[in-house]
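**Q** Okay, here's the structure, questions in a sec.
The values are calculated or read from the model by the stated rules, or taken from the named source; none is laboratory data. Computed from a predicted structure; not experimentally measured. FYI the Cβ positions are ideal-geometry reconstructions off the backbone, even for glycines, and counts take in every protein chain you see.
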Amino acid sequence: MKNKQSTNPWQPEINSSTSLNDGCKHILITRLQSLAKVLDTQNRSENLSPKLVHKIRVASRKLTTAIKLFKQVAPRKMLAKVQIRTKKLMDHFGPMRNWDVFYKACNKYNKESTPENSKPFLQGFLWANRISFEKDALKFFNVKAEKLVFRLLKTSSKLITSENKPASTSFFEWSKLSLMKIVDEFKTNINTVIDSKEGLHAFRLKIKFLRYGLEIMGDAIPFEIALPLYEALRKGQKILGMINDLHFQIEETAFVQSSTQNQKDIHLLNDDSKNCSFLIHCQQLLETNMKLFISWKETITHLIEF
């Protein structure tokens with residue numbers, strides 16, 4: 001999705017004459033093979049790096065989005081188990097991803113803080129939690145990942161060899177109708193989003209669904225509309241991602257504060273009198289990002305009116 005030009009379509013292999021079945025097949029095979037590739041890379045590693053965890057989750061999300069988009073035209077029996085297993089994989093790696101982001105944020109704060117305000121205890125606590133989740137994830141991965149890779153590649157082979165069914169519409173015609181439906185649903189969602197941790201997280205998933213939908217069906221609408229919308233969705237996803245991470249960090253930091261009140265270094269964790277604690281830092285960032293989200297909603301509302 002980088003450096004897209006008006007002469008370079010979102011899906012170069014699909015053109016105006018591509019049938020719905022051929023377009024659907026191409027997208028699904030690409031997504032299946034992408035996830036299989038990143039899982040195969042992990043199979044050759046003895047640990048789960050933050051970068052690889054992120055790649056696994058993104059590839060999983062893109063695959064499940066494609067399956068949902070094509071649920072009316074794709075072979076359900078062929079994809080049902082893949083979708084279920086991929087969803088479980090994605091959910092299993094979610095907690096470790098949260099601790100990875102938390103540790104990175106705390107590490108950055110400590111490096112930018114003065115030596116006397118550095119908080120190594122909190123950083124060590126975070127890494128310990130991260131390692132415990134990694135151990136559980138590796139156990140899950142060693143049992144499930146190889147089977148999932150086999151299922152993904154097997155499904156890809158079946159799609160490649162399967163015969164096309166007669167289609168009365170082209171991929172582009174179907175895409176435009178489908179995209180308009182998703183946009184209409186998004187308009188409703190943006191007007192009813194609840195400003196709670198759960199409500200904002202649910203809306204972030206809606207943003208991802210529309211954004212990944214554009215990666216698949218962006219050619220169905222004019223490029224001058226699709227690209228600004230895509231970029232705005234990516235910005236909104238980033239803002240809500242930060243808000244979700246900050247909610248998690250505030251909750252966990254507050255828990256550390258309450259559970260370590262008798263420890264000698266507790267004042268280093270949360271020195272409220274100097275307004276320099278990591279907890280206060282996160283709370284201030286949360287307020288800032290909530291304001292950014294309100295502003296973003298006004299921008300995106302204009303972009304989806306087409």
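**Q** Inside the stretch 222-244, can you point out the residues that are touching a residue at least 24 places away in the same chain (Cβ under 8 Å) and not in a helix (DSSP H, G or I)?
**A** Passing the criteria: none in range.
**Q** Another question about this same structure. Going by what's in this entry, would residue 101 be described as surrounded by fewer than 17 Cβ atoms within 10 Å (Cβ to Cβ) and among the β-branched types (Val, Ile, Thr)?
**A** The answer is no for residue 101.
**Q** Taking only the stretch 262-300 into account, find how many residues are at pLDDT below 90, assigned to a helix (DSSP H, G or I) and basic (Lys, Arg).
**A** Going residue by residue through the stretch 262-300, those that are at pLDDT below 90 are 262-281.
From the residues that got through so far, the ones that are assigned to a helix (DSSP H, G or I) too are 266-269, 272-274, 278-281.
Among the residues that remain, those that are also basic (Lys, Arg) are: 274.
Residues that pass the stated criteria total 1.
**Q** Among the residues of the stretch 89-117, how many are among the charged types (D, E, K, R) and at pLDDT below 85? Before the answer, list the steps.
**A** First pass over the stretch 89-117, keeping only residues among the charged types (D, E, K, R): 91, 97, 100, 104, 108, 111-112, 116.
Remaining after also requiring at pLDDT below 85: 91, 111-112, 116.
Count: 4.
**Q** Would you mind stating whether residue 57 is crowded, with 20+ Cβ neighbours inside 10 Å, closer than 21 Å to residue 208 by Cβ, basic (Lys, Arg) and in contact (Cβ under 8 Å) with a residue 24 or more places away in the chain?
**A** no
**Q** Another one. List the residue pairs whose Cβ atoms are under 9 Å apart, where the first residue sits in the stretch 150-161 and is under 12 Å from residue 85 (Cβ atoms) and in the same structural domain as residue 28 (by TED's automatic domain parsing), the second is in a helix (DSSP H, G or I) and polar (S, T, N, Q), and the two are 6 or more positions apart or on different chains.
**A** Every condition considered, the pairs that remain are 152/33; 152/86.
**Q** Kindly indicate the residue of the stretch 44-88 that is among the hydrophobic types (A, V, I, L, M, F, W, C) and at pLDDT below 85 and also farthest from residue 160 (Cα to Cα) among those meeting that condition.
**A** It comes out as 48.
**Q** Provide a single number: the residues in the stretch 180-212 that are free of Cβ contacts under 8 Å to residues at least 12 places away in the same chain, closer than 15 Å to residue 305 by Cβ and among the basic types (Lys, Arg).
**A** 0
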